[in-house]
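The structure appears below as structure tokens.
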Amino acid sequence: MTKVEILQVGGYPPADEEALNQRFITHRYFEAADKAEFLERNGANVRAIATRGELGASREMIAALPKLEIISIYGVGYDAVDLAAARDRGIRVTNTPDVLTKDVADFGVAMMLALARGIIGGQDWVRSGDWARKGGYPLQRRVHGKRAGILGLGRIGYEVARRLAAFDMDIAYSSPEPKAHAGEWAYVKDPVELAARSDIFFVTLAASAKTRHIVGRGVIEALGPEGMLINISRAANIDEVALLDALEGRMLGSAALDVFDGEPKINPRFLALENVLIQPHQASGTAETRRAMGKLVFDNLAAHFDGHALPTPVL
Ligand code: 8YV
């Protein structure tokens, strides 16, 4: 049987690449210096794209692949895939939900604790000899008992909220409609109102054109100089320039961020700030979860080409 050709938009851990390479002919787009020339040279027989959440697949890429049937995303977010272009051509799209939910929630909570309790600065204090030289580390802020706001109570937001409940936090959330599974957590529809009643504000909503800059000046100012903003969703959900202005001017207390506009080349203004915790988009980055994500990418492709139902379809 001739092997199906696929376009691989980003790298995967070796075991996942091996599985793909065994079953498919993989064209390694991410290694090409001249992307347009690469697509032109290799695109004619490509029937699938294997991509990552943050890399997606643009309208131009889709248009360059006349035999494309399916796009399989390594990640839960599908905002970077041009869904309209896929829909127009009846191209299937799959993602990797559920398997990463708890890791992403864990990571959001870890960032909250690390930033509030000064864990990274504390380690630097020990390593640099400041502990012996200057004495105890400056006092930090507690999290238990604080008011948490969760923007987007989907799968990840729900798992964040469950974890925060164990810290005796007062939990409220915002989403277009109240959620039945939210129990006694307070529903505050308006994100600005939610921010006004929050000490710590988590952004956990799926990104789309509608949610672009949903966290803008209004939310940031409502959180205020004592407030903490945590983003484990997509950078586009936050107006990054407004965020930087507020952090620099101390209108916002602090921010913990796993995602950035233009990542991995982030705005250098972040590097000069002390009131931020910045991370390299690694909320789902555990070996266990990435293995499960890689398997789902493969399983979706295999199901499609074997004529079976897709395990986790988006489209
Ligand atoms: C990335 C993500 O896909 O799930 C998502 O949408 O952004 C991540 O899990 C991951 O970093 C792999 O590139």
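The values are calculated or read from the model by the stated rules, or taken from the named source; none is laboratory data. Quick caveat, the model's predicted, so the values are computed rather than measured. Positions of Cβ are generated from backbone atoms using ideal geometry, with glycine treated the same way; all protein chains shown enter the neighbour counts. Just so you know, the surface numbers come from the protein's heavy atoms only, side chains and all, with ligands and any DNA or RNA stripped out. Shrake-Rupley method; radii C 1.70, N 1.55, O 1.52, S 1.80 Å.
Summary table
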read-out: Counted charge near GLU60, where neighbours are those whose Cβ lies closer than 11 Å (Asp, Glu -1; Lys, Arg +1); value: +1
read-out: Area of ARG87 that stays accessible when all protein chains are in place (1.4 Å probe, Å², to 10); value: 140
read-out: For ASP199, distant residues with modelled amide H under 5 Å away; value: ARG147, ALA148, GLY149
read-out: Per-residue SASA entry for GLU37, accessible area with 1.4 Å probe, Å² rounded to 10; value: 80
read-out: In Hz, Karplus ³J(HN,Hα) per residue of the range 141-147 (6.51, -1.76, 1.60; θ = phi - 60°; x = Gly, Pro); value: 10, 7, 10, 5, x, 7, 8
read-out: Å³ per residue enclosed by the Cα convex hull of the chain; value: 151
read-out: Cα centroid separation - the range 66-140 against the range 167-221, whole Å; value: 18
read-out: Built amide H within the under 5 Å cut-off of TYR74, gap 5+; value: THR51, ARG52, GLY53
read-out: Beta bridges per DSSP with both ends in the chain, % antiparallel, nearest 5; value: 0
read-out: Gaussian network model of the chain, springs between alpha carbon atoms under 10 Å - residue of GLY149, GLY285, GLY77 with greatest fluctuation; value: GLY285
read-out: 28 Å Cα cut-off, lysine pairs counted over the chain (separation 8 or more, or different chains); value: 19
read-out: Under 5 Å, built H, 5+ apart or other chain: amide partners of VAL4; value: ILE25
read-out: Among GLY249, GLY118, GLY53: highest mean-square fluctuation, GNM of the chain, C-alpha pairs under 10 Å; value: GLY249
